[in-house]
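Before any comments, here is the structure.
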Amino acid sequence: MIGFIVAGLIIGALARLFTPGKQKLGLLATLLLGLAGSVIGGTIAGILGTGGIFELNVLGFIVAVISSVLLVGTAESLSARRKRSISQH
């Protein structure tokens with residue numbers, strides 16, 4: 001369980017590194033998005049037969065980072081949209 005959390009944090013941090021621009025995400029958001037990305041990556045790796053969802057493998061790691069980059073971008077987009085909506089009222 002601790003390894004899963006550490007992997008999620010590393011994947012989330014890498015996703016933020018690869019996402020262009022400055023993200024205004026905290027440590028908890030980074031961890032949660034990294035965990036979500038690692039579940040997606042592990043699931044896809046499991047479907048492709050390269051390992052299980054909780055096994056560390058290269059394909060799962062790469063897909064996890066890519067998914068987390070997409071999740072970080074989506075979270076930033078939603079956050080910016082919400083802030084613009086609030087400031088207009």
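The values are calculated or read from the model by the stated rules, or taken from the named source; none is laboratory data. All figures in this text were calculated on a predicted structure; none of them were measured in a lab. Don't worry about glycine lacking a Cβ; one is built from the backbone with ideal geometry, like all the others, and counts go over all protein chains shown.
Among what's in the range 7-54 and is of a type in the set (Gly, Ala, Ser) and not in a helix (DSSP H, G or I), pick the residue that is surrounded by the most Cβ atoms within 10 Å (Cβ to Cβ). Before the answer, list the steps.
Of the residues in the range 7-54, the ones of a type in the set (Gly, Ala, Ser) are 7-8, 12-13, 15, 21, 26, 29, 34, 36-38, 41-42, 45-46, 49, 51-52.
With the extra rule that they be not in a helix (DSSP H, G or I), the set shrinks to 21, 26, 49, 51-52.
Numbers: GLY21: 8, GLY26: 9, GLY49: 7, GLY51: 16, GLY52: 12.
In this case the residue turns out to be GLY51.
Determine if the range 59-82 includes at least one residue that is surrounded by 15 or more Cβ atoms within 10 Å (Cβ to Cβ), closer than 21 Å to ALA7 by Cβ and either among the aromatic types (Phe, Trp, Tyr) or modelled with pLDDT under 80 (or both).
yes
Considering only the range 1-47, state which residues are among the hydroxyl-bearing types (Ser, Thr, Tyr) and touching a helix residue (DSSP H, G or I) at 6+ places or on another chain (Cβ under 8 Å).
First, the residues of the range 1-47 that are among the hydroxyl-bearing types (Ser, Thr, Tyr): 19, 30, 38, 43.
Correct list: THR19, THR30, SER38.
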